[in-house]
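The values are calculated or read from the model by the stated rules, or taken from the named source; none is laboratory data. Remember, predicted model here, so these are calculated numbers, not experimental data. Because the Cβ atoms are built from the backbone with ideal geometry, glycine has one as well, and the counts that use them run over all protein chains shown. Each accessible area value is taken on the protein alone, full model and side chains, heavy atoms only, with ligands, DNA and RNA left out. Shrake-Rupley method; radii C 1.70, N 1.55, O 1.52, S 1.80 Å.
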Amino acid sequence: MILSQLYDKALNLNSLSGEEGEFLYDHAPLEELMFVANELRQKHVPGRNAGWMIDRNINITNVCFSQCRFCNFCRKKGDADAYITTIEEYKRKIDELFSLGGDQLLLQGGMNPDLGLDFYADLFKKLKELYPSLKLHALGPPEIVFLAEKEKTTCRDVLTKLIDAGLDSLPGAGAEILSDRVRKIVSPAKASAGEWLDVMRTAHSLNLPTSATMMYGHIETRRERIEHLVSLRDLQKEKPEGHYGFITFIPWPFQDEGTVLKEKSGIKSAYSSSDYIRLIAISRIMLDNIRNIQGSILTVGKDTGMLSLHAGANDLGSIMIEENVVSAAGGGNTFSAEDLQTIIKEAGFVPVRRNQKYEIYK
Ligand code: SF4
């Protein structure tokens with residue numbers, strides 16, 4: 001394969017095959033990858049705007065049967081520090097979110113065997129009743145599969161009931177690497193790659209906005225990273241015309257501090273800044289039908305986050321007022337709204353605050 005031909009193919013918005021993507025990933029000089037990715041960013045999102053947002057993470061419960069081997073956050077039922085967040089706690093946290101100018105909650109698991117579909121539907125309805133302008137970006141494909149199994153119904157039925165109760169968009173949580181070889185090792189109790197994709201396919205058919213993610217840098221191969229991107233691109237091709245589909249793609253590196261993967265299996269995070277930038281660039285090149293690529297400044301920090309905006313990313317994500325799963329494993333970068341805007345400006349872009357659908361606030 002010849003690099004310049006692959007660059008031309010990508011720049012003409014012709015999809016690269018998995019083999020072609022892998023060849024670029026392995027052989028292209030980083031500066032050339034960044035150049036091509038940046039050109040493609042300009043085709044998908046022209047101009048100098050770079051997005052950011054304010055939202056707040058609240059964990060509904062920390063009890064989770066899944067016990068993923070990269071997760072320090074989950075507890076078993078009956079543990080002294082197990083909890084289910086109360087309405088009073090939601091109110092305090094949402095009031096704080098609104099006082100900081102935000103209007104979206106990222107509500108995430110664990111998968112608590114005691115909590116069924118009615119619990120989540122009632123919770124969403126209650127929060128929307130109390131705060132009609134609040135947006136709920138909540139749960140993720142593994143939780144939808146879990147609820148469907150628990151209620152002996154379909155994922156479509158679960159999603160429909162949650163949308164009726166107030167779900168505004170579905171995070172791409174729990175994708176890790178969409179390879180069952182990898183999943184059997186890092187998160188064996190969680191939804192399979194096929195189930196994750198099926199839930200997203202159903203969400204797209206219901207026109208529920210979604211995001212796609214990747215947690216990489218543990219036991220996966222480069223080929224599996226590329227296959228992950230191809231799976232996302234193929235699924236996006238299936239979405240009905242005019243539906244949201246995947247609005248954005250957000251890769252982040254495995255945070256290893258104190259995880260079972262590191263402590264018991266000796267698997268450390270393979271993260272390096274240059275590999276992250278390479279991954280952002282290759283994601284922009286491979287994902288020719290997902291408009292937005294987000295740099296995960298929360299996990300990679302300021303300098304690498306800034307560089308990602310020159311490698312195909314057009315967004316640095318959220319200030320994320322509270323985040324427990326990543327920070328429990330050492331992803332400890334925090335930024336204020338002012339910080340994030342300053343960082344975007346320092347990188348040479350214009351910060352624009354947007355919502356989960358990437359609509360810009362006027
Ligand atoms: S990562 Fe999520 S699904 Fe896995 S154990 Fe932690 S809370 Fe549960």
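A Cβ distance below 8 Å, combined with a sequence gap of six or more or placement on separate chains, defines the contacts here; from region 248-269, residues that are touching a residue at least 12 places away in the same chain (Cβ under 8 Å) and on the phi > 0 side of the Ramachandran plot reach residues that are in a helix (DSSP H, G or I) and open to solvent by less than 30 Å² (accessible area, probe 1.4 Å) in the pairs G258/A329. Highlighted here are the helices (runs of 4 or more DSSP H) found entirely within region 206-306 that include at least 2 residues which are within 28 Å of R156 (Cα to Cα): 222-238. Only one entry in K237, K268 is within 19 Å of L287 (Cα to Cα) and away from the ligand (no atom under 16 Å from the Cβ), namely K237. The sole residue among N38, N12 that is touching a helix residue (DSSP H, G or I) at 6+ places or on another chain (Cβ under 9 Å), open to solvent by 10 Å² or more (accessible area, probe 1.4 Å) and either within 30 Å of A189 (Cα to Cα) or more than 16 Å from the ligand (Cβ to nearest atom) (or both) is N38. The selection criterion, being in contact (Cβ under 8 Å) with a residue 12 or more places away in the chain and open to solvent by less than 20 Å² (accessible area, probe 1.4 Å), holds for G317. Could you tell me whether any residue of region 53-67 is within 16 Å of the ligand (Cβ to nearest atom) and at positive phi? The answer is yes; a qualifying residue exists. Answer with yes or no whether D81 is open to solvent by 30 Å² or more (accessible area, probe 1.4 Å), acidic (D, E) and within 16 Å of the ligand (Cβ to nearest atom). Yes.
Could you please let me know if F70 is of a type in the set (F, W, Y), within 16 Å of the ligand (Cβ to nearest atom) and touching a Leu at 6+ places or on another chain (Cβ under 9 Å)? Judged against the criteria, F70 is a match.
Table: residues versus (1) open to solvent by 10 Å² or more (accessible area, probe 1.4 Å); (2) more than 19 Å from G172 (Cα to Cα).
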| site | (1), (2) |
| --- | --- |
| H44 | yes, yes |
| G51 | no, no |
| Q67 | yes, no |
| L100 | yes, yes |
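Among all positions in region 58-78, there is no residue which is at pLDDT 95 or above and either closer than 22 Å to N289 by Cα or over 25 Å from the mean Cα position of the chain (by Cα) (or both). Taken over region 131-160, the criterion of being in a helix (DSSP H, G or I) and either among the β-branched types (V, I, T) or in contact with a Lys or Arg (Cβ under 7 Å, 6 or more places away or on another chain) (or both) is satisfied by P142, I144, V145, V158, T160. Does E96 satisfy being part of a helix (DSSP H, G or I), over 24 Å from V186 (Cβ atoms) and modelled with pLDDT of 95 or more? In short, no. Pairs meeting the criteria (first residue in region 106-119 and under 15 Å from L162 (Cβ atoms) and in contact (Cβ under 8 Å) with a residue 24 or more places away in the chain, second residue within 12 Å of the ligand (Cβ to nearest atom) and in a helix (DSSP H, G or I), beta carbons under 8 Å, at least 6 apart or on different chains) are G109/P142; G109/E143; M111/P142; M111/E143; M111/F146.
Which residues, counting only those in region 185-215, are within 23 Å of D164 (Cα to Cα), open to solvent by 10 Å² or more (accessible area, probe 1.4 Å) and within 16 Å of the ligand (Cβ to nearest atom)? Correct list: E195 only.
Residues in region 39-75 that are in contact with a Gly (Cβ under 6 Å, 6 or more places away or on another chain) and free of Cβ contacts under 8 Å to residues at least 60 places away in the same chain: T61, V63, C64, C74. Evaluation of V182 against the conditions (1) assigned to a loop (DSSP other than H, G, I, E, B); (2) within 16 Å of the ligand (Cβ to nearest atom) shows that the sole unmet condition is (1).
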